[in-house]
Amino acid sequence: MIAPRTVLTRLLTHPAFILAAIAALFFGCSWLSGGTVQILTFLMLNILLAQSMNLLTGIAGQISLGHAGFYGMGAYASGILMKTAGLPFVVSIPLAAAIGALSGYLVSFPAGRVREFYLAMMTLAFGLIFREVVREWDDLTGGAVGLSNVPSTTLKNLSVFGVTLDAIDYFRIVVIVTAIVMWLVHNFIQSRHGRAFYAIHASEVAAGCLGIPRAGTKRQAYTIGAGMAGLAGGLYAHMIGYLGPESFDLARSIEVLVTTVVGGLGSMAGQILSAIVFTFLPEKLQVFAQYQFIVYGAILAFSLILLPRGLAGLLLLPPRFIKPASLRRAGTAGVAIRPVDSDRNAALVVEGVTMRFGGLTAVDDVSLELHPGRITALIGPNGSGKSTLVNVVSGIYQPTAGAIRFFGESITGLPDHRIAGKGLLRTFQDPRLVPRFTVRENLLLGAHRRYRTSGLAAALSLPSAVREEATFLASVDAVTRMAGIADVADRPLESLPYGYRRLVEVGRALLAEPRAVLLDEPAAGLSEAEMALLARMIRAMKDAGLMVLLIEHHMDFVAELVDDVVVLDSGRVIYHGDIEGMRKSPAVIEAYLGTSETEAAHA
Amino acid sequence: MTLKRRELLSFTGAAAAGGTLGFARRARAADPIKVGFTTALTGPFNEFGEGYKRGIEIAIEKINKAGGVLGRPIEIGVMLDDQLIPDRSVQNMRRILDDKSIVGLFCPSGSGPTLAVIDMIAADGRPTMNPQAQTPTVIYPNGPGGKPRPNVYTFSIQNDIEANFMATLLAKKFTRIGLLNESTGYGKTGSELIKAGIAAANKDAVVTNESYNQKDQDMTAQLVRVQRARSEALMVVGLGADMAVIRKNMTRMNMTIPFFTSAGGLSPPYVEGAGDLAAGTKGSQFKKISTVPPAPETKEFLDAYKAKYGADRLWGTDPEVPTPSMGGTVATGYDGMLVMADAIRRAGTTEAAAVIKAMDATKGFLGCNCAYEFTPEKHHAIEIGDLTTYEFVKKDGRMTLVPTAI
Amino acid sequence: MEDFLTLLLAGVSVGAVYGLIAIGLNLTFWTTRTMNFGQGSVMMLCAMLTANLIARGWMQGLAILAALAVIVVLMVFTEMYTVRPALKIEGSMGWAVSTLGVGIILQGCAALWFGSQAVAFPDVIFSAVDNVVIFGVHVSLQYIAVVVLALALVVVFELLVRGTVWGRAMRAVAMDQDFAAVIGIPVRAIVLGSYIASGLLAGISGILVAQIGGTVDPAFGFELVIFGFVAAVLGGMGSTPGALAGGIVAGVLQQMVGGYISSAAQHGMAFALLILILVVRPQGLFGQREINKV
């Protein structure tokens, strides 16, 4: 038996259905009344806005409270450019999108330094300033009185290439633009760019450690999202022919956010459903007269309790983030790990690294080296500074003192994504994956740094982009086989037991084609069978000539694998050598017996 | 998507059905003559929408009691609520315009929504009454003095009329004048016209113009500027609730210069908000509606209103004499409906061009606010002579507006 | 000079109220990383209820207490039925929509019960005519009263947070909810408490602002909460003295810009300051720089 959600999802996402729907709107509109055509035009704009907000909030996890500002930028830009500067429609509309995008880019300026909540405040402030400026700048925007006589279908003074447009022509243009934009966004989301957005959303730190720049990615999300809103605004300007500041106030921004949340964050189809609801709702609510506020409020207050994942969660399957076309072309010829070319400089050298937090010294003058084809274990009691050291090496913390060199090049203090970009990868003590992604999508995230095709190529779904993705998908396949997770490759990660997540995280690091891997307690919580799989992967890394740093408490597991051992206690190196020597080292014995006996025997 | 398709089908169905029915109906003479409008029936500005809706309803009852027009009764065919949100006004108005059985239209309650729908209405061509929006460009797209939109007639106090009225009075008495306006179309055009009017009447006059946002809770900054300019009087273009905030703020700052407001300020929310501080506030408002004793045509309306709603909030505090702002909230709708019906009667048909021609020939039609007269060049009716100045005075323990001189 | 003092006093007075609103927003931000988007409606409801009860002849103090009691019940409802369920759905932003929904319901109810027009707010402590003359400058006692009350509230609030078991428990929840639960702090009660306290602060701010403005209507509060946001971010999210200082900075700046540069730029300038702070010093005037926990 197939669930109704599956049927509905297949139907709604079927290309034939989508084309039929577009055709029905395109050709059917001539039989509709003027009011219906107009409200459908509003619907298309609301869909564009909802998709824009979805890309920003649902995919990239950034909240915008100033969408009406971006929308208004586009509207006034196109309106003024056409009315005052006399630019043609085909120029003013792309410019509206560009100006919207520019404002989004500028608003996200402090993206590198502030967290999502503060960026939301930036957008809020932007939206409010926009409204104030529009209201006061009489000469340009018409001020509070508004801008009348914008070329529009109402006034019959809007023409494209000499053809005067009526409301139906205009609706058709808007339908086509909306469809094209959605197609582009859909492709974009199902590419490494969209996945990078989602990775930032799930964990900025983990994304950074895969080579995804957090500031740049957020900025990209704001720019594209605001560009789409600007485009919607441009199209709005020529529908009615009048622009007034009231149409772009905070209430409008909130309306867009509400539409997106109720539609189901992340789902493009959900956005369409939600836009339909919220476009027609006010009209339908008029029957409630003075109760309409209460009814509207109740819908907002309780819809999320009834529909935890929005309309999309109720009606549709969760969205996927890999293009089916790429999946079909993937093939099975992938390699899990490619041997790494080694050279004289091939080493990770940590020299006298110290990390202090306020008065607390977490890592104290630690030096160690990793070499190709060797596995080095980093052990020590809890709180001895192991994870902190990994955080310093991978660029999450800036060391207080000391230097780190990778292949002879200093990487001290570089941001995490740059370090990952050089082939130095890491995993986390608590697996930091994208819970809503499938195993395959999570793994593919690892390959992020290896992609060469641009966002535009991905959005246009150019053959080169599809081919590239297919190549990496083949590698993903190979890794799933190696890690023993091939049978769950298409299951969402959040539905899998803990052990799988560990394996996925290690596998994800492999897909980055690393030259060195830092594994932070990869065996914690694994079953015997899973541990065997993990050991197989780690050995494969060694065989391929990778440098491996392994933080682990599980001594039997460590003993089987490692070449060198470094023991930390209270942030200092107390032993460096082979495993036999460690067992006899008085310093190590004291450190363990002195602190916690159970720690050493800990599984 | 399925939802959308179903919607689509139902819309096409409804449109087709509406079309044929409309056609069949037009053939029968006893069918009602329909009017339609979208306005703020709920939400923060509902006193305006609710007011003119009542006016239209009372007018329709009067007309229908007398046998209707052309032997047909009048009814409200479509009445939609836009809460004064421009986009919603646009959607509602388009829906109304789609209904070809609607003969006459009324504009929304505010300048913003009205400007958003006015081109649509002009392109449609059906006779349209504008009961409340005051911005002159609603009627005269190229400013007062230019050619009006052929099918739109205003029953409100046009901003330029009110501004001229106040400017002349102010310029006569004061040379340094503080001018405050809300940052809306109404406030901004109003204050600009007043400024121009004052400059025209007195070249030496100094006007300090400041603006505030509706619902601002503190106006100290604006008032300090007015005070620093050593203004001898303060004139505010805005609505009642904000006016109360300003009045209280003046008191806190011990500002005692004479206080004048636009018509929007001489309204119940101002007295309610400012309480006893309202005493002494002056401004312009409709004259005829509060004249004692009322003219017969005004009395007829007032009696009907009182019978239906009593001396309620829109009526004001004096159970005998309505507050002049009722001329703007309720009577403009009433007058608009009566004048339109009269034009239809004279035209002998409901066909738009003929009704407009008859509207343009309206002369001496006695309404609650004035004697209406329209020509092809002049589509507003309220003139300076139809306004008067009032002052809030405390009488028998309650604030009332009494006619006064400035 | 007189102008300056007048502007300063009005700015401090209104700004102190912004600060109170900001502290209310901060509270729930600490405990749950959420903010009540319907906070404006809470302010409105409290002020409108107070005005209505006084108009019915209630004693002023009693009317205020009754209105605050209603707010407590309302906040319990908000937290239990809209925030808590929404928080169970990770990353859904549902709380933003559901709290906004409650705000809109309240606005609708207020319009239904009290009418959608502005109603007069009675003079609770002083009236607008009560002035004292200090150094030849007329100083309104209403402003002074608002400032004093707001400052007193902030002090009491800080003492409670710092000095009581509940305050410490709340700070523990703010640091790390899971850890707080492990060491036996009743996290749910603390979160609920933070919503109640946040609502009470909003309610009192509502009454104080209504005192200055003189009228309240169902849409009241919405714009004020925006300035509450500005104050919270200016001062640094999470810092109580910061919120108060942020509010006062925003309030005074508004008046000074309005009084000396242009009244049209009054609000825009406050928002521009917000952007400037976010660009230059994102942790706010008093906030601590956030360290990524890994």
On a straight-distance basis, which aspartates and glutamates could pair with B:K395 in a cross-link, Cα separation under 16 angstrom, same-chain partners fewer than 8 positions away excluded?
B:E272, B:D276, B:D318, B:E320
Centre separation in Å (Cα based) which lies between segment A:346-368 and segment B:221-284:
69
From the Cα gyration tensor of segment A:284-359, with a ≥ b ≥ c the square roots of its eigenvalues, which class applies: rounded if a/c is under 1.5, or else prolate if a/b is larger than b/c, or else oblate?
oblate
Springs between alpha-carbon atoms under 10 Å, Gaussian network over chain B: tell me which of B:T350, B:T261, B:T220 tops the mean-square fluctuations.
B:T220
Can you give me the C-alpha center-to-center distance between segment A:514-532 and segment A:9-61, rounded to a whole angstrom?
47
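As a test of the formula, what do you get for chain A when each DSSP H run with n ≥ 4 contributes -39,500 (n - 2.57) and the sum is divided by the residue count, at 222 nm and rounded to the nearest 500 deg cm²/dmol?
-17500 deg cm²/dmol
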Give me the aspartates and glutamates in straight-line cross-link reach of B:K172: C-alpha distance below 13 Å, same-chain residues under 8 apart excluded.
B:D204, B:E232
Please rank B:K287, B:K394, A:K83, fewest neighbouring Cβ atoms within 10 Å first, as an exposure proxy.
B:K394, B:K287, A:K83
With a 10 Å cut-off between alpha carbons and a GNM built on chain B, which of B:M93, B:M166, B:M219 moves the most?
B:M219
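Need one word for segment C:17-218: rounded, prolate or oblate. Basis is the Cα gyration tensor (sqrt eigenvalues a ≥ b ≥ c); a/c below 1.5 gives rounded, then a/b vs b/c decides. Walk me through the intermediate numbers first.
Numbers: a/c = 2.44, a/b = 1.48, b/c = 1.65.
The shape class here is oblate.
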Taking 7 Å along the Cα-to-C-beta vector as the label spot, tell me the C:I125-B:E300 distance in nanometres, rounded to one decimal.
5.8
What ranking do A:Y296, B:Y212 get, fewest neighbouring Cβ atoms within 10 angstrom at the top?
A:Y296, B:Y212
Along the charge dipole of the protein assembly as shown, Cβ charges K/R +1 and D/E -1, which of A:L235, A:Y575, B:G273 sits furthest on the positive end?
A:L235
Expressed as a whole number of Å, what is the distance separating the alpha-carbon centroids of segment A:257-307 and segment C:111-147?
39
Once the Cα atoms of helix A:250-263 and of chain A are each reduced to a long axis, what angle between those two axes, in degrees from 0 to 90 to the nearest 10, is obtained?
60
Count the DSSP beta bridges whose two residues both fall in the protein assembly as shown, then state the antiparallel fraction as a percent rounded to the nearest 5.
45
Order these by the 10 Å Cβ neighbour count, fewest first: B:W315, C:W113, C:W58.
C:W113, C:W58, B:W315
Subset of B:K195/B:K394; B:K308/B:K394; B:K357/B:K378; B:K147/B:K288; B:K53/B:K306 violating a 24 Å alpha-carbon distance limit:
B:K195/B:K394; B:K308/B:K394; B:K147/B:K288
Per-residue [θ]222 nm for chain C (sum of -39500 (n - 2.57) over DSSP H runs n ≥ 4, rounded to 500)
-23500 deg cm²/dmol
Give me a single rounded figure for B:254-261: the average over its residues of other chain Cβ atoms within 10 Å of their Cβ.
1
To the nearest 10 degrees, how steeply does helix B:111-124 sit against the main Cα axis of chain B, on a 0 to 90 scale?
30
Count the DSSP beta bridges whose two residues both fall in chain A, then state the antiparallel fraction as a percent rounded to the nearest 5.
60
Highest-fluctuation residue, C:D123, C:D178, C:D217 considered, GNM on chain C with Cα pairs under 10 Å
C:D178
About its Cα centre, how strong a charge dipole does segment C:17-218 have in debye, to the nearest 20, once Lys and Arg get +1 and Asp and Glu get -1 at the Cβ?
340
Of all DSSP beta bridges in chain B, what percent run antiparallel (nearest 5)?
30
Within straight cross-link reach of A:K218, meaning Cα distance under 23 Å, which lysines are found once same-chain residues fewer than 8 apart are removed?
A:K323, A:K422, C:K293
With -39,500 (n - 2.57) per DSSP H segment of 4 or more residues and division by the full residue count of chain B, the 222 nm estimate, nearest 500 deg cm²/dmol, is -14000 deg cm²/dmol
What angle, in degrees between 0 and 90 and rounded to the nearest 10, separates the Cα long axis of helix A:15-28 from the longest principal axis of the Cα atoms of chain A?
20
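Each reported figure results from applying straightforward, stated rules to the coordinates on display, with no laboratory input. From a predicted model like this one, the values you see are computed outputs, not experimental measurements. Neighbour counts run over all protein chains shown; Cβ positions are idealised from the backbone, glycine included.
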